[in-house]
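Taking it in order: structure first as structure tokens, then the write-up.
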Amino acid sequence: LEEVTPKIIKNINISGNSITKDRTIRSKLLIEPGDYFNQFNFQKDLNNLRSFNYINDVKYEIIDDQSSVLINLDINENKKTGNIILAGSFNGDTGLGSTFGINDDNIFGLGDKVNSSISASSESLLFNIDYQQYFLSNPNLSNRYKIFNSEDDITSSYGYKTKKIGFAYSIFYDIDDQTSSSLGIDFTNNQNHSATLPLDEAISDNIGEFNNFKIFYSFTNDTRNDVFYPNKGSLNRFSLEFSPEDISDDPFIRVLFKNSIFFNNTINSNFFFVDNNFGIAEALKGKLKTKETFSLGGLNFKGFKYNGIGPKNLNNIYLGGNKYFTSTVGYGTKFLFDEKDNVNLKFFYTIGSLWDSDYIRSDFKLRSSAGISFDFLTPVGPISLSYSLPINKLNSDEAKTFNFQIGTSF
């Protein structure tokens, strides 16, 4: 066997960038001068650089001598990373809406992201500023700052209106290409008003001003082969929210888990999939506010109306539940006619339940539905149409057979 002598990286020269700072580009590289040159790690760094919106392409030259290598990187820079967005939207749960936003993926040439938007729908008005700052010392770490102000008219379901203003901070850690985690804090001032029935306990408990602090954590592992139309791999996500009793007016704890698995057929583009969701929430003092409970129906349980599953009191106020689960099994094909069509056809069967309200007895009772969905990949993003029918339902549940959304069905 021929003995290979390791070579040291003598220097890394960067050219072609006029907006993005050198230190920003270097922060995305795992290799640096003084390291042993490894072709696999170098190719991984190239692919990582090309994944950022502010870099169109990277060409390179490796100058090799007997003991070291000199690397020259020529950056083809995207100088137009800022956008102004004015668009209409449609959500199968909340209906028509509109969004105005300004965003930039390379603010100050640091590779940081800022997104600001104003979104309006029939039920809500939201103002949001989201700033993501990457660590120059570690490309896998980033800070995220968020300021938000929203107004929601939920009188038709929960019986009151609410206004929220707050801020959040979190730190993100990309453990590897498929695994990430985040840890953060959130402060929200809630002003709930305009009760439709002031004497109704489920409404009156929510009326007033409440200051809540929340600690949240999430862990995600995503091995899917495609974000929009996967037919192989899995997605596992665990999240925890904790609002401590001593510093929050509405202390509670909430746990959520999501698991999706896709099994591809090696003969053609057909695939099977399983999608499981589970949540549990408990108040640490008093009763869990109805808006903090889970709801089912609409996009998260097709075949039923938005907030169409779950208990209501005698005044027809939606109460939600402290616990829920859904499980969907399905069969799909990546392309409807041939591999040039951006159409995904799925047949699915969903089973689930929502139970355990603090305001009324609500036992565990199964619901189920079956249906078909069409996902279209368009220039504005995925669009999904679905038709489904309830199979098992309670008399109090509300059905909805047709649903439309911007995004994939599962």
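The values are calculated or read from the model by the stated rules, or taken from the named source; none is laboratory data. Predicted model, so just to flag it, every value in this text is computed and none were measured. Please note: Cβ atoms are built from the backbone with ideal geometry, for glycine as well, and neighbour counts cover all protein chains shown. Side chains are part of the model used for accessible areas, which takes the heavy atoms of the whole protein and leaves out ligands, DNA and RNA. Shrake-Rupley method; radii C 1.70, N 1.55, O 1.52, S 1.80 Å.
Straight-line reach from Lys393: which lysines have a Cα under 17 Å away, not including same-chain ones fewer than 8 places off?
Partners within reach: Lys302, Lys305, Lys312, Lys365.
Ranked highest first by the average count of other Cβ atoms within 10 Å around their residues, in what order do 24-30, 97-103 fall?
Output ranking for 24-30, 97-103: 24-30, 97-103.
Report the FRET efficiency, 1/(1 + (r/R0)^6), for Asp35 and Asn211, where r is their Cβ-Cβ distance and R0 is 45 Å, rounded to 0.05.
0.35
Can you compute the FRET efficiency between Phe263 and Ser204 using 1/(1 + (r/R0)^6), with r the Cβ-Cβ distance and R0 = 56 Å? Round to the nearest 0.05.
0.65
Name the trypsin sites (Lys or Arg not before Pro) in segment 260-307 that are in a loop by DSSP and that have at most 13 other C-beta atoms within 10 Å, would you?
Counting only loop positions with at most 13 other Cβ atoms within 10 Å, the trypsin sites (Lys or Arg not before Pro) in segment 260-307 are Lys285.
Which residues make up the longest stretch of the chain clear of GluC sites (Glu not before Pro) that lie in a DSSP loop with no more than 11 other Cβ atoms within 10 Å, not counting the sites?
Here the longest segment lacking exposed loop sites spans 4-338.
How large, in percent, is the carbon and sulfur part of the accessible surface of segment 188-335 at a probe radius of 1.4 Å?
The value for segment 188-335 is 58 percent carbon and sulfur by accessible area.
Measure off 7 Å from each Cα along the Cα-to-Cβ vector at Ser150 and Tyr387, then give the distance between these two points in nanometres to one decimal.
3.3 nm
So how much slack lies between Arg26 and Phe228, counting 0.36 nm per residue of separation and subtracting their Cα-Cα distance, in nm?
69.6 nm
What is the local net charge at Asn76, summed over the other residues whose Cβ is closer than 9 Å to its Cβ (Lys, Arg +1; Asp, Glu -1)?
Local net charge: -2.
By how many degrees, 0 to 90 and rounded to 10, does the Cα axis of helix 39-50 deviate from the longest principal axis of the chain?
Once rounded, one gets 50 degrees.
Determine the calculated [θ] at 222 nm for the chain from helices alone, applying -39500 (n - 2.57) to every DSSP H run no shorter than 4 residues and normalising by the residue count; nearest 500 deg cm²/dmol.
For the chain, the value works out to -1500 deg cm²/dmol.
Set the Förster radius R0 to 45 Å, insert the Cβ-Cβ distance between Ile280 and Ile19 as r into 1/(1 + (r/R0)^6), and round the FRET efficiency to 0.05.
Efficiency at R0 = 45 Å is approximately 0.45.
Cα atoms only: what Rg and Dmax, in Å, come out for the chain?
25.0, 86
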